[in-house]
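Here the structure comes first, spelled out in structure tokens, and everything after it is commentary.
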2 protein chains.
Amino acid sequence: MKAVILASGQGSRMGYKLKPMLKVAGRKIIDRTIILLKPYVNEFVFVIRKDCREIEEYLERHWKGLIKYKIVKNPEPERGNGYTLLLASEVVGKDEFILTMGDHIYSKNFVEKAVKLKGLIGDFNPKYIDVSEATKVRVEIGKTGKRVKDIGKKLKTFDCLDTGFFILDNKAFEVARRVAERKKIVELSDVIRELKPEVSEVSGELWIDIDTPDDLKVARKLLVRLSIKSIGDGYISRHLNRKISTKISEYLVDYITPNQATMIAFFVGLLSSLLVFFNLPAAGILYQFSSILDGIDGEIARASLRTSKFGEWVDSILDRYVDFFFLLSVSLYLIKQNMFLTAELIIAMFALFGSIMVSYSTEKFKASYSRSAYECVSSLRYIPGKRDERIFLETLLCILNRPLMLLVLIGVLSNIKVIATFVAITVNRCTLGE
Amino acid sequence: MKAVILASGQGSRMGYKLKPMLKVAGRKIIDRTIILLKPYVNEFVFVIRKDCREIEEYLERHWKGLIKYKIVKNPEPERGNGYTLLLASEVVGKDEFILTMGDHIYSKNFVEKAVKLKGLIGDFNPKYIDVSEATKVRVEIGKTGKRVKDIGKKLKTFDCLDTGFFILDNKAFEVARRVAERKKIVELSDVIRELKPEVSEVSGELWIDIDTPDDLKVARKLLVRLSIKSIGDGYISRHLNRKISTKISEYLVDYITPNQATMIAFFVGLLSSLLVFFNLPAAGILYQFSSILDGIDGEIARASLRTSKFGEWVDSILDRYVDFFFLLSVSLYLIKQNMFLTAELIIAMFALFGSIMVSYSTEKFKASYSRSAYECVSSLRYIPGKRDERIFLETLLCILNRPLMLLVLIGVLSNIKVIATFVAITVNRCTLGE
């Protein structure tokens, strides 16, 4: 399937900036569109303003060889988006194509659903959009399902919003041509109103039309907020860490890469274990702070469409190192206080072993079953002892200056979690399949 | 595709036992055939002797509802395998079908290759078979590729062996019918000689025709030997442990399940860490023995077609527990000898952390990439420090009564391996894909 990206807008409310080239949450809008559509599209068609070299040069520098694309130049961008669409007709042919706007941002979920549908993709339950600014659609239900009855920004009664995402065929070009013969300025709404395409529903997913600098900020915030991958998050993560980390991610997403965020959290974690020898409560607080920072790499990666398996792997390995050094430091701190005996050694070893095994047991599950243990065996989610929860507990005990109790509780909690995981998976083994 | 299993033989050289019902390496031959063909077959047709209730009852008890199958009864089994095949014609129809013998054992590799081919599957490089007893095939190369020129046990010149595995269509029934009109006894060779089917090659894979009690023993040995999954095996495993464990597996495969083997290795491992407090050299030797036993569960599972993701997961978790308890015991042993100071604590914690992280780093890789790290980054295979190698080293140091040196070397070796793994994967990250 081809994809037509209309990118001839003037960005009048954006200080006449080229909207597809704006960076939102670490990615230019044009890159977002390409990355998300790439799996479904064999050729992109960008319709740009005739005098605009910037997009052309950018595509040549960054995407040439990676995607197949054509550029169509629009000598009369002032004639409106419907006219811009018409210009694409020469290179699109007769097959179905995706039509979308160069200044719209969509979530991965939205695109995954929309590409399987037909006609105008309507949002019947908009969650993230300022309805007053949006293009509204009136739907009529005929013999062949839902169709567009009317469309426009000023409709008083309407059924859904126009998401700016369409799956059309060459009838759309015919209609655009007819309208262009009658009128000088051809808005896309004029074409759609006459074409009366099917209406398909993708409701409640993120899509944003970037018109003003405020829209940019809202988009960044939403992309970061929606980047939380909650499966596997513990109680502390859900109710404390994520609330802070997403705020930080919003600030950082345009400036640092996910791998840089991983390294920052790692070094703060290492620093906290050094601090144990100087000030235990402060060390505990810094450890908890590193636990908050630990969420940022994933949030930035998902928000900026830069997730990588390598990044996931590195993050996980470095987390284990941080936990190891912190527990080692606490154990050495106990020796320094002459509180270290045989029992303490056993406790320290159990705490270390349990802490790593909590993660090992679920990662090994994923390695064997190629699925997340938390998805397969939902009872696992309710067993406390995940990393965010352990670190929070460790912080409290550091503040209370109870290092031995810290090792005891972590040793007990983490090993109980491992054993409970073992039992839960064993009990459910027959339902897990081969 | 349907599969026709000829199971009307008399087992004359087997003391008139029903050969498909014989257990080889923990599985009845009939179960092996069903398990291996199941992914490719939508209906099985078993042609059995008319007076034989045993196979019928067995299928009803163990496979009803799990596979679709029909039973065809052969009132004249003494008329030979070609006649037996003819009886299947009524239920097979016109499409291609798999034809195989109820007394043949095939490896998974063999079946995976053979089901994609056509005609008689010939072995041009038999590795595991007594050629003098096998059915030989003379091949002629015509316009349409290789075809059977002649077939028989006593051919003096021949090109390949008949593996007893065929992909045929209903022409085979026509020929069988013609031969049966002429002759009383119709061997399958008579049909094939006249049919002159295409010859396809699957060479060097395991297939065995079970005729005598000796064949059974050979088959068991081969199935266990070929069950070694060498990827991820270290040097000690390849050159010592596997040589012993396969011998033990040959004895045990008919008597214990893979999960029982896992538990035995686990308890021997735990016992070895208890023994540390009584006799360090003996503990080391027992630990090494548990490491040998640790290979048995996988060997038995693969040889008896009982591999399971759950089994793999449990084995991996229990290995970590054994390693933990052994290192804990050695550390406590040092305390008992009053050799335990700050440095020793650090060493013990590093040894424990490194030992688990060696496994964690590659399992987490598999969880992220859904592929084995050892397959993706082949240089990883040459970094020493795998479990079999660590345990062998620990055993040596226990025998030499050097517990502190044991912790030092394991701490150094395992952590170097983790860091080297980290470097190797980081260097190769761009070739690993997303």
Qualifying residue in the range A:392-399 (condition: without any contact (Cβ under 8 Å) to a residue 12 or more places away in the chain and under 32 Å from the mean Cα position of the chain (by Cα)): no
Total residues in the range A:94-153, condition farther than 22 Å from A:Val224 by Cα, β-branched (Val, Ile, Thr) and surrounded by fewer than 15 Cβ atoms within 10 Å (Cβ to Cβ): 2
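Take the residues of the range B:337-346 that are part of a helix (DSSP H, G or I) and out of contact with any Ser or Thr (no Cβ under 8 Å at 6 or more places or on another chain): which is nearest to the other protein chains (Cβ to nearest Cβ)?
Only one residue fits best here, namely B:Thr342.
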Where A:Ser316 falls short, out of the listed (1) more than 10 Å from chain B (Cβ to nearest Cβ); (2) surrounded by fewer than 22 Cβ atoms within 10 Å (Cβ to Cβ): (1)
Condition met for B:Lys386 (away from every other protein chain (no Cβ under 14 Å) and either polar (S, T, N, Q) or closer than 30 Å to B:Ile335 by Cα (or both)): yes
Residue in the range B:119-128 that is closer than 21 Å to B:Lys28 by Cβ and not aliphatic (A, V, I, L, M) present: yes
Residue that is surrounded by the most Cβ atoms within 10 Å (Cβ to Cβ), among those in the range A:359-378 that are without any contact (Cβ under 8 Å) to a residue 12 or more places away in the chain and polar (S, T, N, Q): A:Ser368
Condition broken by A:Thr421, with the remaining ones in (1) assigned to a helix (DSSP H, G or I); (2) at pLDDT below 90; (3) within 11 Å of chain B (Cβ to nearest Cβ) satisfied: (2)
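Regarding B:Leu397, is this residue within 22 Å of B:Gly269 (Cα to Cα), in the same structural domain as B:Gly232 (by TED's automatic domain parsing), not polar (S, T, N, Q) and not in a loop (DSSP other than H, G, I, E, B)? If you could, list the steps in order and put the result at the bottom.
Numbers: within 22 Å of B:Gly269 (Cα to Cα): yes; in the same structural domain as B:Gly232 (by TED's automatic domain parsing): yes; not polar (S, T, N, Q): yes; not in a loop (DSSP other than H, G, I, E, B): yes.
Taking the combined requirement at face value, the residue satisfies it.
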Test: residue in the range B:8-27 that is within 12 Å of B:Gly102 (Cβ to Cβ) and assigned to a strand (DSSP E or B): no
Residue selected from the range B:287-313 under the condition closer than 30 Å to B:Ala219 by Cβ and among the hydroxyl-bearing types (Ser, Thr, Tyr), by the criterion nearest to the other protein chains (Cβ to nearest Cβ): B:Ser308
Flag if B:Val268 is surrounded by 20 or more Cβ atoms within 10 Å (Cβ to Cβ) and assigned by TED's automatic domain parsing to the domain that holds B:Asp233: no
Residues that are aliphatic (A, V, I, L, M) and part of a loop (DSSP other than H, G, I, E, B), drawn from the range A:361-394: A:Val377, A:Ile383
Inter-residue pairs, beta-carbon under 6 Å, first under 24 Å from A:Arg306 (Cα atoms) and in the same structural domain as A:Pro39 (by TED's automatic domain parsing) and in the range A:90-119, second small (Gly, Ala, Ser) and not in a strand (DSSP E or B), 6+ apart: A:Asp103/A:Gly9; A:Ile105/A:Ala219
Among the candidates A:Phe325, A:Phe353, residue that is within 7 Å of chain B (Cβ to nearest Cβ), at pLDDT 95 or above and either outside any helix (DSSP H, G or I) or over 27 Å from the mean Cα position of the chain (by Cα) (or both): A:Phe353
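Quick grid of which residues meet (1) more than 19 Å from B:Pro213 (Cα to Cα); (2) under 25 Å from the mean Cα position of the chain (by Cα):
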position	(1), (2)
B:Ser8	no, no
B:Leu59	yes, yes
B:Glu76	yes, no
B:Val92	yes, no
Residues located in the range B:156-190, provided they are touching a Lys or Arg at 6+ places or on another chain (Cβ under 8 Å) and farther than 26 Å from B:Ile129 by Cα: B:Asp169, B:Asn170, B:Ala180, B:Lys184, B:Ile185
Residue ID - surrounded by the fewest Cβ atoms within 10 Å (Cβ to Cβ), chosen from residues in the range A:51-84 that are in a helix (DSSP H, G or I) and of a type in the set (Lys, Arg): A:Arg61
Inter-residue pairs, beta-carbon under 6 Å, first β-branched (Val, Ile, Thr) and surrounded by 24 or more Cβ atoms within 10 Å (Cβ to Cβ) and in the range A:339-358, second in a helix (DSSP H, G or I) and modelled with pLDDT under 90, 6+ apart: none
Residue match in the range B:173-184 (condition: in the same structural domain as B:Pro75 (by TED's automatic domain parsing), surrounded by fewer than 21 Cβ atoms within 10 Å (Cβ to Cβ) and within 23 Å of B:Arg13 (Cα to Cα)): yes
Search result, residues across the range B:400-418 that are of a type outside the set (D, E, K, R), more than 34 Å from the chain's Cα centre (by Cα) and either within 11 Å of chain A (Cβ to nearest Cβ) or at negative phi (or both): B:Leu400, B:Pro403, B:Leu404, B:Met405, B:Leu406, B:Leu407, B:Val408, B:Leu409, B:Gly411, B:Val412
Residue check for A:Ile236: surrounded by fewer than 20 Cβ atoms within 10 Å (Cβ to Cβ), on the phi < 0 side of the Ramachandran plot, modelled with pLDDT under 95 and among the aliphatic types (A, V, I, L, M): no
Candidates B:Ile48, B:Ile30, filtered to the one that is of a type outside the set (Asp, Glu), buried (at least 22 other Cβ atoms within 10 Å of the Cβ) and assigned to a strand (DSSP E or B): B:Ile48
Single condition B:Ser378 does not satisfy, out of (1) closer than 19 Å to B:Tyr287 by Cβ; (2) more than 8 Å from chain A (Cβ to nearest Cβ); (3) not hydrophobic (A, V, I, L, M, F, W, C): (1)
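The values are calculated or read from the model by the stated rules, or taken from the named source; none is laboratory data. For clarity, every value in this text was computed on a predicted model and none was experimentally measured. Reconstructed Cβ throughout: ideal geometry from the backbone, glycine too, with neighbour counts over all protein chains shown.
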